[in-house]
Amino acid sequence: MAYTITESISPPNTIASCLASFPVFKGLVPSELEDLAKYCVMEILPPGQALFRQGESAEFLFFIADGKVKLSQKHTNGRDVTFHVFGKGDLVGEVSSLKRAPYALSAFTLTESVLLKTRWDDFIHRFLKFPCVSAGALLQMGDFLYQAYRSKMSAADPVEMRIAQLCVSMLSRPGMAQDEPGGGVRINMPLTRRDVAEMVGTTVETAIRIIRKWTKAKLVVPKRRYLVILDRDGLQKLAGGVVKAVAGE
């Protein structure tokens, strides 16, 4: 059964026009985009849909034309642990594919999403022959690995600093910061306290306590499933450890 679009996303008319919207393809002419479009399938998925699951053969890569996708791993207790969130313009699935190994993580849509799906072999032989695409893919993989490395290195930092770093990092990514009516900047993706806790390596209770404290200090305000940043400079200082943690922790 086809999925009916319910949210404010606008799927492109053609796969070629969708490819043209990605910065990595900006150097290609229309005929080159039309040729690459032959090796892609467009998918429009509802929230909570799996792109791939941990342990499956890594055969596909996905370009996110719109929406948000999270990478997670099944914990020994059966619960999914969130590792990273991708947004518009990102490429998902390339790290496992490079190793020719099964997917080490699972990928699920967080919001309604428009995706372009291509086979790994086609990506290697068709897409990467263009220098701009090769350079863009390498930059994104490097950024993803850097984020993973930074997360590992900051494991000894105070939890409050790690949560602030997560928020600041999300705000700096394309499409993740949205001005909120009445003031503040919203992290433009659903973000539960459990998601925050898993992404920085702490307990849900600690994440709840810190966000509640920030709310009282007027650094942030939770709105439904989103987090609105009221004092971006204050959060940036906490992320860099420039000032002491907000009183009350």
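Among residues of the range 99-111 being in contact with a Phe, Trp or Tyr (Cβ under 9 Å, 6 or more places away or on another chain) and surrounded by fewer than 20 Cβ atoms within 10 Å (Cβ to Cβ), the one that is nearest to MET199 (Cα to Cα) is SER106.
Checking the stated criteria, ALA2 turns out not to satisfy the condition of being modelled with pLDDT of 90 or more and farther than 25 Å from VAL204 by Cβ.
When residues of the range 178-197 are filtered for being within 14 Å of the chain's Cα centre (by Cα) and more than 17 Å from ARG224 (Cβ to Cβ), how many remain? First the steps, then the outcome.
Kept after step one, since they are within 14 Å of the chain's Cα centre (by Cα), are these residues of the range 178-197: 187-191, 195-196.
Of the ones still in play, those that are also more than 17 Å from ARG224 (Cβ to Cβ) are none.
Looking only at that region, the number is 0.
Only one entry in ASP143, ASP179 is in the same structural domain as PHE22 (by TED's automatic domain parsing), surrounded by fewer than 19 Cβ atoms within 10 Å (Cβ to Cβ) and without any contact (Cβ under 8 Å) to a residue 12 or more places away in the chain, namely ASP143.
Cβ-Cβ distances below 8 Å connect the following pairs, each with a first residue in the range 160-174 that is more than 12 Å from MET189 (Cβ to Cβ), a second residue that is of a type in the set (Ser, Thr, Tyr), and a separation of six or more residues or different chains: MET161/SER154; ARG162/SER154; ARG162/THR202; ILE163/THR202; GLN165/SER154. Being assigned to a helix (DSSP H, G or I) and surrounded by fewer than 18 Cβ atoms within 10 Å (Cβ to Cβ) is the requirement here; does GLU32 meet it? The answer is yes for GLU32.
Limited to the range 103-142, what total is found for residues that are in a strand (DSSP E or B) and touching a Cys at 6+ places or on another chain (Cβ under 9 Å)?
Residues that pass the stated criteria total 4.
Within the range 203-234, restricting attention to residues that are of a type in the set (A, V, I, L, M, F, W, C) and over 17 Å from GLU180 (Cα atoms), the residue that is modelled with the lowest pLDDT is VAL204.
Please return the ranges of strands (runs of 3 or more DSSP E) entirely within the range 157-249 where 1 or more residues are touching a helix residue (DSSP H, G or I) at 6+ places or on another chain (Cβ under 8 Å) and closer than 24 Å to PHE144 by Cα. Walk me through how you get there before you give the answer.
Values: elements: 177-179, 185-187, 220-223, 226-229.
Correct list: 177-179, 185-187, 226-229.
Taking the range 17-32 on its own, how many of its residues are out of contact with any Cys (no Cβ under 9 Å at 6 or more places or on another chain) and either without any contact (Cβ under 8 Å) to a residue 24 or more places away in the chain or among the charged types (D, E, K, R) (or both)? Residues meeting the conditions: 6.
The values are calculated or read from the model by the stated rules, or taken from the named source; none is laboratory data. Bear in mind the structure is a predicted one, so any value in this text is a computation, not a measurement. Using ideal geometry, Cβ is built from the backbone for each residue, glycine included, and neighbour counts are taken over all protein chains shown.
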